[in-house]
């Protein structure tokens, strides 16, 4: 990708209702890092960093979403068409 080529996103694949895990915490950390850009942001953003770490650890412990019926139907249709 060159400097002039635009970034293309397939909007059909993006879910509008899907909640991104820890988005608010990540946004708060980035805002804090921007605020302390010239100074030591490690000390200034410790609260936001620990909140993001806690959220990420909690998200990792959540059970995974099981496959839907559509997933299994697509898998089976590949074998039926052979």
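Available extension along the chain between residue 19 and residue 75 is 17.5 nm, counting 0.36 nm per residue and deducting the alpha carbon span.
Shape annotation for segment 23-80: C-alpha extents along the principal axes are 62, 21, 14 Å, from largest to smallest. Sorted fewest first by neighbouring Cβ atoms within 10 angstrom, 80, 73, 52 come out as 80, 73, 52.
Extending 7 Å from the Cα toward the beta-carbon at both residue 65 and residue 35 defines two label points whose distance is 3.3 nm. The protection proxy used here, the mean number of other Cβ atoms lying within 10 Å of each residue, ranks peptides 26-32, 36-42, 60-66 as follows, highest first: 26-32, 36-42, 60-66.
Read-outs: derived from the displayed coordinates by stated rules, not from any lab. Computed from a predicted structure; not experimentally measured. Note: ideal-geometry Cβ built from the backbone for every residue, glycine included; neighbour counts use all protein chains shown.
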